[in-house]
Amino acid sequence: MTAKVSIRGLYKIFGPNDKAMVDKVRNGLTKPELLEQHQHVLGLEDINVEMQSGEITVIMGLSGSGKSTLIRHLNRLIDPTAGEILVDGQDVMQLGPSDLRELRRKMMSMVFQKFALLPHKTVLQNAEMPLSIQGREQSEMDREARKWLNRVGLDGFEDRFPSQLSGGMQQRVGIARALTANTDIMLMDEAFSALDPLIRTDMQNLLLELQKELHKTIIFITHDLDEALKLADHLVILKDGAVVQQGEPQHILLNPNDPYIEDFVSDINRARVLRVRSVMKPLAAEVKIDGDVDAKSNLEKIIALSGGDTTKSYRVVEDGQAIGLVEMVDLVRALVPRASGTK
Amino acid sequence: MARYEGLFDALGLREWCDADKTEAPMSMAQLLAQASGGSEEATGPVLPFPSLDTLNEACARIGQTRDLTEGIEQGFLAIRGQLKFVLDPLTQPLSWMLDGALWVFETAPWWFMMPLLILVSWFVSKSRGVTLFVAFVLFFFAAIDHYNVAMQTLAIVFVCTGLSVGFGVPIGIGMSKSDTAQRMIVPILDLLQTLPTFVYLIPLIFLFSVTESKLFGIAIILYAIVPVIRLTDLGIRLVDKDVIEAANAFGMTNRQKLVRVELPLALPNIMAGVNQTIMMSLAMVVIASLVSAPGLGVLVLRGIRNLELGVGIVAGLGIVLLAVILDRVSKAALARVDKQRNTH
C-alpha cells in the first residue's frame, strides 16, 4: 500500500536565516544550542511519517511539541524549511499559488480547535463555504451541506448562527463543513480539545462512525493520549519537534521505547485501551478453552467475563474465525506498565 | 546689542558678514528701537540665545526667522501653478458633487425632503425611537426657519462623508495588508488630525478660488477621513486569525478572503469609523464656513462677527441637534449589524 501522504525529512526552523541553520541541525546541533548560539527556534526536526489512505493517523504530543506546526505543513499554511511533503506522490512544495489553492479545495479539508466558523453566516452557509469558494451551483451546495449537516446531527439548525450553538454543536458544523468539501484527506487540529469531556466522547464516536463508512485519510492532532489511543490506526508521538516513536498504538503501549512515552503511558487505563488482539498468543491445542471472545474487545471486558479468575483462557475470534488464544495470566501481566529497560 | 559680533570677528568672518550690509532696520526689534529714538544699547539679557534674529544683528549675512516663513510662502507660490494644474481638474468633480447635492437639498420641497429623510433613517436604523427623534428635529428646524441652512449643512456632510468612506476604506484595507504602508500612512493621519483646523484652509485658499465649493470640501474630507481609515485598518487587523486560517485552509483567494471574511468581520469597526467621520465632518463644516461653506456654520460665524448672541446660540444648538440625529441613526445601524450576528 502506498502512502496517501508522506512527510520526508521535514525540518522547520523559525528565524530570519532558517535555511542556513538546517545543516547545523543535521550535524547535531540541539534545540537549546541553536537558540542560544544562533537565536533560531527549532520547530520540527527530521520528521518522516507515512500516512496511509483510509486510516486515522494521530499525531500526539504536549503543547510546544510542534504538532500543530506539523499539520499546517500538510496544506502549507506553514512552509517547511527543508524536506518533502508528498500527497498522492505529488510534492506539495512544487505547487504554485493556484495549484496550492486547488489542493486545499479538492484534496484536504481542515477542522480547527476553535471551530473558526464565519460568525456572520448561518450554519448552512458555513457548511456550504468550501463549495461556494469553488463557485458551485446554489442548489448543489444546498443539497451537499444539508446532507452533511444532517449526518452530523444538526437537522433543524441550518438557519441559526454559530454563536447560538454550544461548542460541541459548533464543532459539528466544523466537521460538516470539512465533509462538504468532499476531500480525501481531513486534517483535524485538536478538533475536540476545546470541548467538555462527555461531548468529546460523543464527537470521537461520531468521527469513528463517519470513518467506518467514508474511509477518509484523517490526520488528527491531539495532546490527549486516551483520545489518541481511541482513534488512532497509526500513532505518531512528537516531543520537542522530533518523532519519538510511531506505529500501531497497541504496540507503542506495550513497547514504549522512551521514558517520555512510558510516563505518558503509565497514567492511562490500560484495561480499557488494550485490546485482546494485542495480548493474544497463537492457538495451541492443549489449552482448555473457557469461551470465545472478540479480537476487538478490550481487556476490561475479558476481566469482567472471567469474573477475576486468572486461570481461565479464551479463544480469540475475528469474523467467525479463531485467530488466537488469550490466557488470563498474560492479560493481567499486560496491565502493568513495563519498567524502563526490561523489554 | 550685537553680542555675537566678537564671535564673527574672532572667526575672521567680518568681511564676509558686511559684504552687502544695508543700514535699513531688518527686524521688528530694530524697528521698535529706532522708533523709540534710542540708538543706545538695548537692555536685553546678557547672553541671548543665538537665534537667527540675534545672529543677524551681529552678521547681516545670516538670515532672519522672517526669511524662513517667507521662504515657505515663496516656495509654495513657486509650485502653486503646477499644483493647481494637477489638482484643479482632479478635484473638480468634488465641486460638482457638492454643488449638485446643495442644489438637490435646497430645491427639493420640504414636503418631499422631510418624509424622505425620515424614511431613510427608518430603513437605516430600524428603530422607532430614533426615527421619531429625527422627525422631531426636522420639524423643529422647519419651525424656527432654519430648515434651509440645516439642509445645506446636511448636503455637505453627506457628500463629504460619502467620499471619505469611499476613499478611506480602500486606504484602510491597503494599510492593513502592508506594515510598510501602515508605517508611512500613520504619521500623515496623525498630522491631519492634530494640525489646527484653520491651518488646512491656508494653502487651499492659495490654490483654489474661494468661491469654489471644493475648497471647503477638501478641507472637510482631509479632516474627516482619518477615523474611517484608522478603524478600517484596525478592524481588519483584529479579524480572528483562526477564521483567516480557515479561509486559507479551504483555498480562498485573497479577494474572496477580503470580501467574504475580512470586511464583514471588520464591519462593526468600520461602522464606528464612519460614525466618527460623520461627526468630524460636521465639526469641520462650521470652520469651513470661513471659506464660504453655506449652512448653519454661516449663522454661527455671523453670531461671532456681529456679536449676535441669539443667532449664534440657536445655530450652534442646531448643529448639536444635527450631530445627535446623525450619530443616533448611524449608531442604530451599527447596533443592528452587531445584533444580527451575536444574539437572537
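Of interest is the spacing of the C-alpha centroids, which for the range B:114-172 and the range A:215-252 amounts to 62 Å. Along each principal axis, taking the top coordinate minus the bottom one, the Cα set of the range B:80-343 gives 65, 53, 28 Å in descending order. Partners of residue B:84 within straight-line reach, counting lysines whose Cα lies under 22 Å from its Cα and excluding those fewer than 8 residues away in the same chain: B:214.
Using a Gaussian network model on chain B with a 10 Å cutoff between Cα atoms, which of B:151, B:184, B:284 fluctuates the most? Judging by the Gaussian network model, the answer is B:184. From helices alone, chain B scores -25500 deg cm²/dmol at 222 nm; the rule is -39500 (n - 2.57) for each run of n ≥ 4 DSSP H residues, then divide by the residue total. Annotation: amide H of residue A:40 within the under-5 Å range of A:35, sequence separation 5 or more or interchain, hydrogens built in the peptide plane. Average projection, convex hull of the Cα set of the range B:191-238: 3.7 square nanometres.
Shown here is the pair-distance distribution of the range B:153-204: with all Cα-Cα distances grouped in 5 Å bins from zero up to the longest one, the shares run 5, 16, 16, 23, 23, 12, 5, 1 percent. With Cα atoms as the point set, the range A:14-56 shows a radius of gyration and Dmax of 13.7, 44 Å. By the equivalent-ellipsoid construction on the alpha carbon gyration tensor, the range A:226-317 comes out with semi-axes of 30, 13, 11 Å, ordered largest to smallest. Here the range B:82-199 has an Rg and Dmax of 18.8, 53 Å, counting Cα atoms alone.
Measuring gaps between exposed loop sites in chain B (GluC sites (Glu not before Pro); DSSP loop; at most 11 other Cβ atoms within 10 Å), the longest gap, sites not included, is B:42-344. Bridgeable aspartates and glutamates around residue B:177 (alpha carbons under 14 Å apart, same-chain partners fewer than 8 residues away excluded): B:233, B:262.
In Å, the Kirkwood hydrodynamic radius of the range B:136-259 over pairs of distinct alpha carbons? Walk me through the intermediate numbers first.
On the way: mean 1/r = 0.0578 Å⁻¹.
For the range B:136-259, inverting the mean 1/r across all distinct Cα pairs yields 17.3 Å.
Qualifying trypsin sites (Lys or Arg not before Pro) in the range A:210-294, where qualification requires a DSSP coil assignment and no more than 15 other C-beta atoms within 10 Å, comprise A:288.
What range in chain A is the longest one free of GluC sites (Glu not before Pro) that are in a loop by DSSP and have at most 13 other Cβ atoms within 10 angstrom?
Details: sites that count: A:137, A:286.
Longest site-free region, per DSSP loop and neighbour criteria: A:138-285.
Among the listed pairs A:24/A:216; A:19/B:241; A:114/A:216, a Cα-Cα separation exceeding 28 Å is found for A:24/A:216. From the Kirkwood radius over Cα pairs of the range B:258-315, Stokes-Einstein at 25 °C and 0.890 mPa s returns a whole-number translational diffusion coefficient of 183 µm²/s. All alpha carbon pair distances within the range A:122-166 were sorted into 10 Å bins beginning at 0; the resulting P(r) in whole percents reads 31, 55, 14, 0.
Quick check: from the Cα gyration tensor, does the range A:1-152 come out rounded (a/c under 1.5), prolate or oblate?
Working: a/c = 2.34, a/b = 2.05, b/c = 1.14.
Prolate.
For chain A, the spread of Cα positions along the three principal axes, ordered from largest to smallest, is 66, 58, 36 Å. Using the alpha carbons alone, the radius of gyration of the range A:141-279 stands to its Kirkwood radius in an Rg to Rh ratio of 1.02.
Hey, what number do you get for chain A at 222 nm if only DSSP H runs of n ≥ 4 count, each worth -39500 (n - 2.57), divided across all residues, to the nearest 500?
On the way: 15 runs with 136 residues, N = 343.
Roughly -11000 deg cm²/dmol at 222 nm, from the helical runs in chain A.
Here the calculated FRET efficiency for residue B:79 and residue A:143, from their Cβ-Cβ distance with R0 = 60 Å, stands at 0.40, rounded to the nearest 0.05. Using a probe of 1.4 Å on the protein chains alone, the accessible area found for residue A:69 is around 30 Å².
Scanning the protein assembly as shown for cysteines with no neighbouring cysteine C-beta under 4.7 angstrom from their C-beta gives B:160.
The range A:52-126 and the range B:245-288 have Cα centres lying 29 Å from one another. Calculated from the alpha-carbon coordinates, the protein assembly as shown shows an Rg and a Dmax of 38.3, 137 Å respectively.
The values are calculated or read from the model by the stated rules, or taken from the named source; none is laboratory data. Computed from a predicted model, the values in this text were never measured in an experiment. Because the Cβ atoms are built from the backbone with ideal geometry, glycine has one as well, and the counts that use them run over all protein chains shown. The protein model used for the area step is the full one, side chains on, heavy atoms only, and it has no ligands, DNA or RNA in it. Shrake-Rupley method; radii C 1.70, N 1.55, O 1.52, S 1.80 Å.
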